[in-house]
Amino acid sequence: MDALRPDDPAFTRLLVLHAQWLARQPGGVRADIRDWKIEAPRLKGAALDEASLSHLTIPGADLESARLSGSEWEKCDLRQSAWGGADAEGISLMDVKLDVSSLASANLSESRLQWVSFEESNLIGIRLLEALVSRCSFRGAVLEASCWNHARVLETDFSGAILARAQFYHARVQFSRFVRVQAPRAVFSSARCVDSEFRDADLTEARFLGANLQGTSLARSVLRGANFRGAQLRGVRMDACDLRGARFADAKMLGADLRGSDLTGARELSQSQLAQARTDSSTTLPNGHPGPFMKGRGAERPPRLAVG
């Protein structure tokens, strides 16, 4: 692997020719960079749209505000990089290491990410709208206020990540892990989050309106004040959860496991919904009394607040 610096004449010439190619000027050549180690890389604001880059080692790359739209990266080591504010819409990342990097507010919408590692990275406000994310790792990453609307997420690991106020509207998530995530006020409305794990998560006031959660486990999670109105919860594991004050209007509850969960003050639950779910003596029912649920006793109604 050849080593060079960004101010190396050969590298500078390559960027100039690529800029000409992007501008459709005569003599321009698309950048095709392979098997290089770039030292002390300062590429802030660089124009690398539609470039092809593979088998590169670029430690600590400064790509803040860079133009990376439509570029293709394969088998690259970009750990400890800075991509803040980068426009990487439509980027393709395949087998790329971006651990301990900063991509805050970067735009990766409509991107294709496969086998990419973002572990322990700062991804606050990152945009991944309509992205395809497959077999990636966001373990321990900070994804607060990130946006995943209409994204497809497959076999991806978010364990230990911070997802507060993250948005997954209409996202399709399957075979993924959200174990021990901190995701208060996260939004999964109209999402399809199936065959996945949200165990031991903080999902306080999270919204799952109209979401499909079949085959998914929420066991031992904090779901206080969460909104499951119209959600598909058939067979979902919700055992040992804190569901105090949660809302369930029109949720499909057949076989939902509520054993050991605290439903005190849960709203909009009908007798039929609770009768179809699994409860036992360790369940605390909406009226604050222990289960199991039995029809006709009013246990589906939350307790009235004392007046005066």
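Each value in this text was obtained by applying a stated rule to the coordinates, not by laboratory testing. What you are looking at is a predicted structure, and each value in this text was computed from that prediction instead of being measured. Counting neighbours? That spans all protein chains shown, and the Cβs are built from the backbone with ideal geometry, glycine included.
Given bins 10 angstrom wide, list per bin the percent of all Cα-Cα distances in segment 134-208, short to long. Using 10 Å bins, I get a P(r) of 24, 64, 12 for segment 134-208. Exposure proxy for C241, C147: other Cβ atoms within 10 Å of each Cβ, ordered fewest to most, give C147, C241.
Extent of segment 1-102 along its three principal axes (Cα atoms, max minus min coordinate, largest first): 40, 29, 21 Å. Sparse packing (at most 14 other Cβ atoms within 10 Å of the Cβ) combined with a DSSP loop state is found for the following trypsin sites (Lys or Arg not before Pro) in segment 248-305: K295, R297, R304. Remark: E144, E39 ranked as E39, E144, counting other beta-carbon atoms within 10 Å and listing the fewest first. Helix 9-22 and the long axis of the chain differ in direction by around 70°, with both axes built from C-alpha atoms. Note on segment 57-179: Cα-only Rg and Dmax are 12.6, 36 Å. Using all pairs of distinct alpha-carbon atoms, the Kirkwood hydrodynamic radius of segment 40-83 works out to 10.4 angstrom. Working note: 222 nm ellipticity from helices only, DSSP H runs with n ≥ 4, each -39,500 (n - 2.57), summed and divided by the residues of the chain, gives -2000 deg cm²/dmol to the nearest 500. For a straight C-alpha distance cut-off of 18 angstrom, the lysines reachable from K252 (same-chain residues fewer than eight places away being disregarded) are K295.
Both radii come from the Cα set of segment 196-275: Rg as radius of gyration, Rh as Kirkwood radius; their ratio Rg/Rh reads 0.90. Restricting attention to segment 200-308, close to 10% of DSSP beta bridges with both partner residues there are antiparallel.
Put a plus charge on the Cβ of each Lys and Arg, a minus charge on the Cβ of each Asp and Glu, and nothing anywhere else: the dipole of segment 123-266 about its Cα centre is then about 180 debye.
Largest first and in whole Å, the equivalent-ellipsoid semi-axes of the chain read 49, 15, 15, each the square root of five times a Cα gyration tensor eigenvalue.
On the basis of the beta-carbon distance and an R0 of 22 Å, R152 and A249 show a calculated FRET efficiency of 0.20. Listed by chain and number, the lysines whose alpha-carbon sits under 20 Å from that of K97, ignoring those within fewer than 8 places in the same chain, are K37, K44, K75.
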